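Everything below concerns the one structure shown next.
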Amino acid sequence: MTSPIHIIGGGLAGSEAAWQVVSAGIPVILHEMRPVRPTEAHKGEGFAELVCSNSFRSDDKDYNAVGLLHEEMRRAGSLILAAADLCKVPAGSALAVDRDAFSDEVTRVLSEHPLIETRREEVTGLPPAEWGPTIIATGPLTAPALAEAIKAESGEESLAFFDAIAPIVYRESIDFSICWMQSRYDKEGPGGGKADYINCPLDKEQYHAFIAALVAGEKTEFKDWEKDTPYFEGCLPIEVMASRGVETLRYGPMKGVGLDDPRTGRWPYAVVQLRQDNALGTLYNMVGFQTKLKHAAQVEIFRTIPGLEKAEFARLGGLHRNIFLNSPRLLDPTLRLKSQPHIRFAGQVTGCEGYVESAAVGLLAGRFAVAERGGLEPVAPPLTTAMGALLSHITGGAEAESFQPMNVNFGLFPVPEGKLPKGRDRKRVYTARALADLESWLNPTSVAAE
Ligand SMILES: Cc1cc2nc3c(=O)[nH]c(=O)nc-3n(C[C@H](O)[C@H](O)[C@H](O)COP(=O)(O)OP(=O)(O)OC[C@H]3O[C@@H](n4cnc5c(N)ncnc54)[C@H](O)[C@@H]3O)c2cc1C
């Protein structure tokens, strides 16, 4: 029988990588340390657990880079996207999922697969040579012993940043005589709904009092070794945004535009939005409200938000230190560790950022491992695709000196040639080109034969 490919970590990236490998008929040994050893953020033992938001962000494949990444992954047979599509909940134009159903589905598919052997164990050092080709997808919360081994091998100072999680509220505890359901500008989501968000309106006075409370609220102290760790700019705690200026949140997650308060018929001065978190619709998460306020301060301050005076919290926010590699320096273009090419990295530990990006890099690592096993040189997707642009950024396009985790965005793509339309139509040029070029990567022979 063909020897297996080892994959360490059953998160977003490891699960997708495992699926891609077994889909090519090659067996996998999947090492996942939960529940033997927990992480600071995961709650259960299922594969592909979403630790914070339940959103895979925009599902708009024509005008949005992450929506395009969804579509590319669907076309590449992604398990993560198939499970997300199956478990989606209303979220305007975003793809959001019931997190438990989603993780259960990925766990079911992988556990039932005859070519996958799961080992619930912590891997405490670099994979031994006798394992052969191995994918490390242990994520931003890689257990310390393995993280130390990676650091020793790479010779790099450990790279890290802070990521925070947002609170979840029980819907029944929200006051609907104040709040209302509406998507911004009534924009229709993939499920057809135009009223997918719960909106809590704040007037000027309430907003200013709220900002003052956030800035003054008691924060979780950093430990000494954490003090120089930067935040990920795309996921700043709200109290950090508030401290940057009184208007910052009003131009960010608390902007009131496109939302008509039924009590006034007008857009509110500011708003707090909540998005459905489970299929039952009993839980809603506070959008963009990641925080490192102490738990008691969170409850006190968030209950000053109109409509949330009696809010009960299923989970409060928190802050976690994430590690990642200096991938532009350490990895080759197909994610192999230059110093030990039998080891490939995937997921957020490579310095991509986000659930979808992590899964996409897992998909690539799985496919590269399959090609290699077949005696072929792995080929990266074209730079003009979302997967190719992201991969190229983390494996060399980014400046190694100032490397920080990166979400997929149109700035990573080469600018199309010729005169480009302005505004929204410009994005359409990028996405149409990406999907056409992806085809030649997915089906090289059929395109060559045309
Ligand atoms: C606190 C926090 C909040 C985040 N919030 C968001 C968000 O809201 N939206 C978003 O898009 N992204 C978010 N991210 C970023 C990122 O998208 C997620 O961390 C995502 O889960 C990364 O996928 P991954 O597969 O790389 O890692 P993970 O999904 O974390 O999977 C890694 C797996 O490896 C296992 N593991 C670790 N070490 C070992 C070992 N030594 N041996 C065996 N198994 C091991 C872990 O148990 C885990 O199951 C957040 C990250 C953190 C830490």
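Scanning segment 1-21 for residues being within 18 Å of ARG37 (Cβ to Cβ) and assigned to a loop (DSSP other than H, G, I, E, B) gives a total of 3.
Here is a yes/no grid of residues against (1) within 11 Å of the ligand (Cβ to nearest atom); (2) assigned to a loop (DSSP other than H, G, I, E, B); (3) in contact with a Gly (Cβ under 6 Å, 6 or more places away or on another chain):
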residue	(1), (2), (3)
PRO268	no, yes, yes
GLY281	no, yes, no
TYR284	no, no, no
ALA314	no, no, no
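Could you grab me the full set of residues in segment 117-163 that are of a type in the set (A, V, I, L, M), open to solvent by less than 30 Å² (accessible area, probe 1.4 Å) and within 25 Å of the chain's Cα centre (by Cα)? Within segment 117-163, VAL123, ILE135, ILE136, ALA137, LEU141, ALA143, LEU146, ALA147, ILE150, ALA160 meet the criteria. When segment 328-347 is filtered for residues that are assigned to a helix (DSSP H, G or I) and either touching a strand residue (DSSP E or B) at 6+ places or on another chain (Cβ under 7 Å) or without any contact (Cβ under 8 Å) to a residue 24 or more places away in the chain (or both), only LEU330 remains. Might you check whether a residue that is touching a residue at least 40 places away in the same chain (Cβ under 8 Å), part of a helix (DSSP H, G or I) and of a type in the set (Val, Ile, Thr) occurs anywhere in segment 403-424? Looking for residues that are touching a residue at least 40 places away in the same chain (Cβ under 8 Å), part of a helix (DSSP H, G or I) and of a type in the set (Val, Ile, Thr), one finds none in segment 403-424, hence no. Looking across segment 1-47, the residues that are more than 9 Å from the ligand (Cβ to nearest atom), of a type in the set (A, V, I, L, M) and surrounded by fewer than 24 Cβ atoms within 10 Å (Cβ to Cβ) come down to MET1, VAL22, ALA24, ILE26, ILE29. Evaluate the following for GLY375: is it on the phi > 0 side of the Ramachandran plot and at pLDDT 90 or above? Judged against the criteria, GLY375 is a match. Inside segment 348-372, residues that are surrounded by fewer than 19 Cβ atoms within 10 Å (Cβ to Cβ) and modelled with pLDDT under 95 make up a count of 0.
Taking residues in segment 29-43 that are without any contact (Cβ under 8 Å) to a residue 12 or more places away in the chain, and partners anywhere that are in a loop (DSSP other than H, G, I, E, B) and more than 8 Å from the ligand (Cβ to nearest atom), the pairs with Cβ atoms closer than 9 Å and at least 6 places apart or on different chains are PRO38/GLU45.
Among the residues of segment 48-59, the ones that are polar (S, T, N, Q) and either in a helix (DSSP H, G or I) or away from the ligand (no atom under 11 Å from the Cβ) (or both) come to 1 in all. Checking TYR231, TYR269 one by one, the residue that is in contact (Cβ under 8 Å) with a residue 60 or more places away in the chain, more than 30 Å from ASP104 (Cβ to Cβ), open to solvent by 10 Å² or more (accessible area, probe 1.4 Å) and under 22 Å from the mean Cα position of the chain (by Cα) is TYR231 and no other. Considering only residues that are in contact (Cβ under 8 Å) with a residue 40 or more places away in the chain and in a loop (DSSP other than H, G, I, E, B), which ones fall in segment 376-390? Listed by number, the residues that qualify are PRO378, VAL379, ALA380, PRO381, PRO382, THR384, THR385.
Among the numbered conditions (1) in contact with a helix residue (DSSP H, G or I) (Cβ under 7 Å, 6 or more places away or on another chain); (2) outside any strand (DSSP E or B), the only one that ILE323 does not meet is (2). SER93 meets the stated requirement of being away from the ligand (no atom under 14 Å from the Cβ), surrounded by fewer than 24 Cβ atoms within 10 Å (Cβ to Cβ) and within 17 Å of the chain's Cα centre (by Cα). When restricted to residues that are touching a Leu at 6+ places or on another chain (Cβ under 9 Å) and of a type outside the set (A, V, I, L, M), segment 156-188 contains 14.
Among all positions in segment 291-299, there is at least one residue which is open to solvent by 20 Å² or more (accessible area, probe 1.4 Å), more than 16 Å from the ligand (Cβ to nearest atom) and part of a loop (DSSP other than H, G, I, E, B).
Could you go through segment 119-136 and let me know if any residue there is away from the ligand (no atom under 16 Å from the Cβ) and aliphatic (A, V, I, L, M). Looking through segment 119-136, at least one residue is away from the ligand (no atom under 16 Å from the Cβ) and aliphatic (A, V, I, L, M).
The values are calculated or read from the model by the stated rules, or taken from the named source; none is laboratory data. Since the model is a prediction, treat every value here as computed from it, not as a measurement. Ideal geometry is used to build each Cβ from the backbone, glycine not excepted, and the neighbour counts take in all protein chains shown. These accessible areas exclude ligands, DNA and RNA; they are computed on the full protein's heavy atoms, side chains included. Shrake-Rupley method; radii C 1.70, N 1.55, O 1.52, S 1.80 Å.
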